[in-house]
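**Student:** The structure follows.
The values are calculated or read from the model by the stated rules, or taken from the named source; none is laboratory data. Since the structure is predicted, the reported quantities are computational estimates derived from the model, not experimental observations. So basically every Cβ, Gly included, is an ideal-geometry build from the backbone, and we count neighbours across all protein chains shown.
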Amino acid sequence: MKRGERPELLWGFGLNSIEAGKIEDSLGPGFFLRNFSERSLPGDKELLQPEKPSATWIPLRVWNELSEARRDSYRKLESTQRILIQDDSEKNVDLESVLEDGFLAVISSPLTTSKVQDALFRAKEVSGLYGDLYRMTEEIIMERELLSRKTEQLMFLNTVLSNATERLEVSDILGQAAEDLKLLLPVLSVQGVFWDVVPAGAKTEAEIFINPGLIPAVQGEWIEFMIGSVTKLSGIEVGGYKISETTHAGDVAMCYGPTGGRVLALPLITRGEKFGCLVMLCDKSVRLAKDQVNTLNAAVNHLSLALNNALMFTKIKTRADRDGLTRVYNRRSFDERLVEELRRHQRHSMDLSLLMIDLDYFKSVNDTYGHMAGDLVLETIARIFEETFRTTDFIARYGGEEFVILLPHTKVDQAEMLAERIREKIESHTMSYRDENFKITASIGVSSVRPGSLAKGTEIVRKADDALYKAKDQGRNKVVVSDSHARLKVV
């Protein structure tokens with residue numbers, strides 16, 4: 001035995017002094033025999049100790065006195081080989097029954113050095129085989145667990161990729177990601193912020209996607225957190241932002257702000273440029289294993305590609321659906337929306353109103369101040385509309401200096417009040433261009449259809465246009481309601 005090494009532990013159960021002495025003498029200093037008396041054999045305390053004996057020497061007389069329950073407790077020491085010692089006075093035991101009882105060998109008294117050493121050699125040999133089997137079994141189990149884990153991770157990534165590529169709206173992708181990421185993390189909600197890459201020193205515009213139904217104070221915390229994330233991740237300062245909602249409200253997350261340690265803010269990258277940040281709120285602080293980190297990064301890469309495509313789709317769709325100057329909807333979008341609203345009106349018997357707005361003497365603005373000033377007026381008027389009307393109202397540039405506004409769920413008297421309010425806002429607003437101040441007014445025609453009407457889109461537009469013509473004819477800067485708004489019954 002080398003210096004510093006601990007002797008190998010052996011147990012004896014009720015060995016007499018001759019038996020114990022012979023075993024110790026035969027094995028030498030490399031082994032330590034702990035001999036328990038018959039009255040104090042190992043109990044649960046000893047059996048639960050981490051260091052187990054490599055072999056246990058048990059006289060037959062002691063084994064025969066043990067209860068079946070006590071025998072079972074010793075049989076469970078699978079890494080310990082048991083050697084039965086038979087006294088000369090005892091009749092020969094049945095070897096087959098001894099082996100079935102879990103003993104490795106039977107040696108008879110008197111004990112000799114060769115008997116003891118041979119029994120221990122066999123015990124160590126069998127223990128080595130058992131050890132190899134245990135190690136092989138553990139390796140197989142670990143490999144199976146690893147394979148199972150990798151399979152689960154691949155299925156998770158496939159789910160994320162499939163669901164993300166099926167959707168073209170950013171809000172839908174984020175909403176579905178909140179569900180998919182629960183397979184990997186205790187996710188409560190997923191939100192996001194996206195920004196335009198701008199030249200150094202310039203400020204960017206951001207779009208923040210937050211969960212619907214957030215408490216106002218909590219919503220403010222999230223907005224502040226995500227604006228800060230833009231600067232932290234990209235080094236770009238945010239000059240302005242717009243708020244959009246995801247399609248996922250989150251699990252009991254309406255009152256949860258960005259508490260430290262429970263939020264994962266992961267950059268979204270495409271072509272080497274950071275364009276967004278995925279913000280996950282988790283149920284508790286998250287610590288991930290290395291393979292989970294790799295899986296999460298792979299999932300975020302998939303989401304980056306899908307979200308970038310969705311943003312590009314939105315931009316292209318916006319160019320097709322929106323007026324390039326004012327950014328409100330264009331004539332084509334209005335025509336499509338009008339058909340949808342009329343169908344909804346007829347199906348659900350709802351009120352529907354339309355405002356047609358024309359800027360008075362707009363040509364004189366272009367003639368006096370130039371077309372750049374005219375463009376500024378149109379942009380300003382569009383912003384006034386967006387600040388005044390509801391998100392459910394539909395604002396569109398109809399052509400030139402003419403705008404139309406669809407007002408779902410709005411009666412004619414309510415539409416007239418809104419028209420008067422917007423007319424006053426336009427009239428009171430001072431336009432400024434190159435140190436020149438001027439004002440402009442608008443004429444507004446109002447038409448409406450009541451529940452139960454079968455009006456066609458051309459009818460409600462024509463009635464609003466007729467009312468607008470009357471407003472112009474009566475001196476401009478007026479609101480006129482169509483005389484026949486309540487009697488449109490075109491089949």
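**Student:** Look through segment 96-124, keep the residues that are surrounded by fewer than 12 Cβ atoms within 10 Å (Cβ to Cβ) and modelled with pLDDT under 85, and return whichever of them is nearest to residue 45 (Cα to Cα).
**Tutor:** In this case the residue turns out to be 100.
**Student:** Can you tell me which residue among 41, 84 is within 18 Å of residue 120 (Cα to Cα) and either among the aromatic types (Phe, Trp, Tyr) or at pLDDT 90 or above (or both)?
**Tutor:** Criteria check complete, one pass: 84.
Let's see how each residue does on (1) touching a residue at least 40 places away in the same chain (Cβ under 8 Å); (2) in contact with a helix residue (DSSP H, G or I) (Cβ under 7 Å, 6 or more places away or on another chain):
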| position | (1), (2) |
| --- | --- |
| 400 | no, no |
| 408 | yes, yes |
| 426 | yes, yes |
| 464 | yes, no |
| 469 | no, no |
| 476 | yes, no |
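**Student:** Consider residue 130 carefully, then state whether it is modelled with pLDDT under 85, part of a helix (DSSP H, G or I) and among the aromatic types (Phe, Trp, Tyr).
**Tutor:** Yes, satisfied.
**Student:** Follow-up question, since we're still on this one. From the set of residues in segment 367-418 that are hydroxyl-bearing (Ser, Thr, Tyr) and farther than 28 Å from residue 451 by Cβ, which is nearest to the chain's Cα centre (by Cα)?
**Tutor:** Residue satisfying both the conditions and the ranking: 380.
**Student:** Does at least one position in segment 476-488 carry a residue that is of a type outside the set (Gly, Ala, Ser), modelled with pLDDT under 95 and either closer than 19 Å to residue 337 by Cα or exposed (fewer than 14 other Cβ atoms within 10 Å of the Cβ) (or both)?
**Tutor:** yes
**Student:** Still on this structure, I have one more. Checking residue 179 against (1) under 30 Å from residue 262 (Cα atoms); (2) assigned by the TED database to the domain that holds residue 315; (3) touching an Asp or Glu at 6+ places or on another chain (Cβ under 9 Å); (4) not polar (S, T, N, Q): exactly one of these is not met. Which one?
**Tutor:** Result: residue 179 fails condition (3) only.
**Student:** Report yes if some residue within segment 273-284 is crowded, with 16+ Cβ neighbours inside 10 Å and β-branched (Val, Ile, Thr); otherwise report no.
**Tutor:** yes
**Student:** Does segment 261-268 contain at least one residue that is assigned by the TED database to the domain that holds residue 179, out of contact with any strand residue (DSSP E or B) (no Cβ under 7 Å at 6 or more places or on another chain) and at pLDDT 90 or above?
**Tutor:** no
**Student:** When the residues of segment 66-98 are filtered to those that are over 58 Å from the mean Cα position of the chain (by Cα) and hydrophobic (A, V, I, L, M, F, W, C), which remaining residue is farthest from residue 20 (Cα to Cα)?
**Tutor:** 95
**Student:** Turning to a different aspect of this structure: What do you reckon, is residue 311 within 17 Å of residue 175 (Cα to Cα) and in contact with a helix residue (DSSP H, G or I) (Cβ under 8 Å, 6 or more places away or on another chain)?
**Tutor:** Yes.
**Student:** Could you please find all residues in segment 164-216 being in a helix (DSSP H, G or I), under 19 Å from the mean Cα position of the chain (by Cα) and without any contact (Cβ under 8 Å) to a residue 12 or more places away in the chain?
**Tutor:** 182
**Student:** Considering only segment 341-366, how many residues are surrounded by 20 or more Cβ atoms within 10 Å (Cβ to Cβ) and of a type in the set (Gly, Ala, Ser)?
**Tutor:** The total comes to 1.
**Student:** Select from segment 56-93 the residues that are of a type in the set (Ser, Thr, Tyr) and either touching a strand residue (DSSP E or B) at 6+ places or on another chain (Cβ under 9 Å) or in contact (Cβ under 8 Å) with a residue 40 or more places away in the chain (or both) and list them in ascending order.
**Tutor:** Correct list: 56, 74, 79, 80.
**Student:** Can you work out which of the residues in segment 306-351 that are part of a loop (DSSP other than H, G, I, E, B) and among the small types (Gly, Ala, Ser) is modelled with the highest pLDDT?
**Tutor:** So, considering only residues that are part of a loop (DSSP other than H, G, I, E, B) and among the small types (Gly, Ala, Ser), the one modelled with the highest pLDDT is 324.
This table checks each residue for (1) under 19 Å from residue 107 (Cβ atoms); (2) assigned by the TED database to the domain that holds residue 102; (3) touching a residue at least 60 places away in the same chain (Cβ under 8 Å); (4) not hydrophobic (A, V, I, L, M, F, W, C).
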site	(1), (2), (3), (4)
21	yes, yes, no, yes
24	yes, yes, no, yes
32	no, yes, no, no
39	no, yes, no, yes
44	no, yes, no, yes
49	no, yes, no, yes
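Residue by residue, here is whether (1) within 25 Å of residue 185 (Cβ to Cβ); (2) in a loop (DSSP other than H, G, I, E, B); (3) aliphatic (A, V, I, L, M) holds:
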| residue | (1), (2), (3) |
| --- | --- |
| 218 | yes, no, yes |
| 223 | yes, no, yes |
| 226 | yes, no, yes |
| 229 | yes, no, no |
| 244 | yes, no, no |
| 247 | yes, yes, no |
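**Student:** Let me ask something additional. Determine whether residue 230 is in contact (Cβ under 8 Å) with a residue 60 or more places away in the chain and surrounded by 14 or more Cβ atoms within 10 Å (Cβ to Cβ).
**Tutor:** For residue 230, the condition - in contact (Cβ under 8 Å) with a residue 60 or more places away in the chain and surrounded by 14 or more Cβ atoms within 10 Å (Cβ to Cβ) - is not met.
**Student:** Only one of (1) surrounded by 12 or more Cβ atoms within 10 Å (Cβ to Cβ); (2) not in a helix (DSSP H, G or I) fails for residue 91. Which number is that?
**Tutor:** Unmet condition: (1).
**Student:** Checking the condition farther than 26 Å from residue 439 by Cβ and in contact with a His (Cβ under 6 Å, 6 or more places away or on another chain), which residue from 338, 352, 311, 342 passes?
**Tutor:** 352
**Student:** When you scan segment 280-302, do you find a residue that is in contact with a Lys or Arg (Cβ under 8 Å, 6 or more places away or on another chain), under 26 Å from residue 238 (Cα atoms) and at pLDDT 95 or above, even just one?
**Tutor:** No, segment 280-302 contains no residue that is in contact with a Lys or Arg (Cβ under 8 Å, 6 or more places away or on another chain), under 26 Å from residue 238 (Cα atoms) and at pLDDT 95 or above.
**Student:** Taking the criterion of being touching a strand residue (DSSP E or B) at 6+ places or on another chain (Cβ under 6 Å) and within 28 Å of residue 319 (Cβ to Cβ), would at least one residue in segment 341-349 satisfy it?
**Tutor:** Yes, segment 341-349 has at least one match.
**Student:** Now a separate question. Output the number of residues of segment 405-432 satisfying the condition of being in a strand (DSSP E or B), over 12 Å from residue 381 (Cα atoms) and of a type in the set (Val, Ile, Thr).
**Tutor:** Looking only at that region, the number is 1.
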